[in-house]
Amino acid sequence: MGVPRHKTTKSSKNQRRQHIFLEQPSLSICPKCGKSVARHTLCKNCGYYKGRMVVDVLKKLDKKERKKKEKEMKEDKKAQDKPLTMESLSK
């Protein structure tokens, strides 16, 4: 078994490992609700995948949470329908 003759310095170790880093996951936008979603997965916000409903998200919620979720979905839909203004673009 080989034994190193010298200590590997921090800079040598880090130069060797400089190509090892975390990359941001590639995200796409859900066409139904507009939230960012990992590719080839169903949207956890609305339950749609490739234009079809796969999971009924509202069914699992209780009455209070369901109303809140429906209200959020309506507001998001209204926001998508409105034309963009200079104020909304600056945000």
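A few notes on this one:
- Residue match in region 1-9 (condition: outside any strand (DSSP E or B), more than 16 Å from the chain's Cα centre (by Cα) and among the charged types (D, E, K, R)): yes
- Positions within region 26-43 being part of a loop (DSSP other than H, G, I, E, B) and loosely packed, with under 13 Cβ neighbours inside 10 Å, in sequence order: Ser26, Pro31, Arg39, His40, Thr41
- Scoring Cys33 on the criteria (1) within 21 Å of Asp76 (Cβ to Cβ); (2) at pLDDT 85 or above leaves a single failure, condition (2).
- Any hit, region 55-62, residues being among the acidic types (Asp, Glu), without any contact (Cβ under 8 Å) to a residue 60 or more places away in the chain and under 30 Å from Lys78 (Cα atoms): yes
The values are calculated or read from the model by the stated rules, or taken from the named source; none is laboratory data. Note that this is a predicted model, so its numbers are computed, not measured. Please note: Cβ atoms are built from the backbone with ideal geometry, for glycine as well, and neighbour counts cover all protein chains shown.
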